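Single-structure report; data block below.
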Amino acid sequence: MPELPKKAAAKWSRLLRIEADAQALTNSCLREISEANRLLDNAPHGPRAPSLRAVIIEGRARLVELQQRHREAAALNTHLMRWLERNRIVELEDLPAARPRLLKGETAVDAVTRVRDRIAALRSEYTAIEGAMLPIGNLKVLVRSHVQALADRARPRIVAESDKVEVTFRSKGEGWSNKPDLEGLLAWLDPAAFEARLCEELAGTAGTSLRLSPEDKSVALSKLRAEMDAFEREEEALIEMATDTNGVTIERRASADPGAILFVVRKRGAATAA
């Protein structure tokens, strides 16, 4: 695990303590229910039986909430731990917390919901762009390379002797045989015609799919990553504000960006991890 900067280390310790406290409360509730069950079993019709049953019922309802809180805290810390492990050789530095913004009449809880909706929309857009097909022009270049590779692969081998000529063809594997590679042979006989026909078929697949060149895709994804990062940091700042200002606890997403939660960034030039 990398050595965390001072503020990030304090935040990480606080998150671990939240998980430990949630576990302690869960265990305490379990003990309370267990003790009430024991006393009730010993005196099912005794004077304390009604109150013991009430303790058990209320305890079970509270236990569900406490267990959920512990699961969420544990899932978050596991997410952070895995990220820290992947970045164990990376030098990190504290980053100033984002300044939370509340719209008119908006609470911190409302703002977190708004920001999370925006993050979800950006992630959806990121996925769409990441899966965008190449423009037809780029695909045609790939077709040309493919046809050339087929032609090179299918080029026959001719052995001329004094009284005969022996022609063999490379199969689709690495060996040679007297059975030619049909698609390779077509590409070798008339690469221009084969390429033209393939491009005709390619044009029929155009549809309405999103198409981006590698350069445009890289720029678009980079811009989206920066925007998502800004909103992730704003989300964490709003969560902190809700707790510090209003005493309201907003559970963090287990899929939230660890760097945003800890308010850290990789130092310029430092090694990176996924």
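The values are calculated or read from the model by the stated rules, or taken from the named source; none is laboratory data. Being a predicted model, the structure only gives us computed values, none of them experimental. Glycine gets a Cβ as well: all are built from the backbone with ideal geometry, and neighbour counts include every protein chain shown. Only protein heavy atoms, including side chains, enter the accessible area calculation; ligands, DNA and RNA are left aside. Shrake-Rupley method; radii C 1.70, N 1.55, O 1.52, S 1.80 Å.
Here are a few things to note about the model shown:
- Relative contact order of the chain, taken over Cα pairs closer than 8 Å and 6 or more residues apart, is 28 percent.
- Using alpha-carbon coordinates, inclination of helix 191-203 to the longest axis of the chain, degrees: 30 degrees
- Shape of the chain, Cα gyration tensor, a/c cut at 1.5: prolate
- Summarising the overall dimensions of segment 49-156 from its C-alpha atoms, the Rg and Dmax are 27.4, 94 angstrom.
- Angle in degrees between helix 108-130 and the longest Cα principal axis of the chain, rounded to the nearest 10: 10 degrees
- Protein heavy-atom surface of segment 11-96, 1.4 angstrom probe: 56% of the accessible area is carbon and sulfur, with nucleic acids and ligands not counted.
- With contacts taken as Cα pairs under 8 Å and at least 6 residues apart, segment 1-132 reaches a relative contact order of 39 percent.
- Just checking the listed ones, PHE263, PHE231, PHE169: in the Gaussian network model of the chain with Cα springs under 10 Å, the one fluctuating most is PHE169.
- Taking ASP257, ASP41, ASP117 in turn, the Gaussian network model of the chain (Cα-Cα springs below 10 Å) assigns the largest fluctuation to ASP41.
- Tensor-based shape of segment 74-114 (alpha-carbon gyration tensor, a/c under 1.5 rounded, otherwise prolate or oblate): oblate
- Rolling a 1.4 Å probe over the heavy atoms of the protein chains gives the chain an accessible area of 63 Å² per residue.
- Exposure ranking of VAL141, VAL264 by accessible area [1.4 Å probe, largest first]: VAL141, VAL264
- Solvent-accessible surface (1.4 Å probe) assigned to TRP83 amounts to roughly 20 Å².
- Inter-label distance for LEU63 and ALA226, nm, one decimal - labels placed 7 Å from Cα along Cα-to-Cβ: 5.3 nm
- Helical content alone sets the calculated 222 nm signal of the chain at -22500 deg cm²/dmol, taking -39,500 (n - 2.57) per DSSP H segment of four or more residues and averaging over every residue.
- Axis angle, to the nearest 10 degrees, between helix 214-246 and the longest C-alpha principal axis of the chain: 0 degrees.
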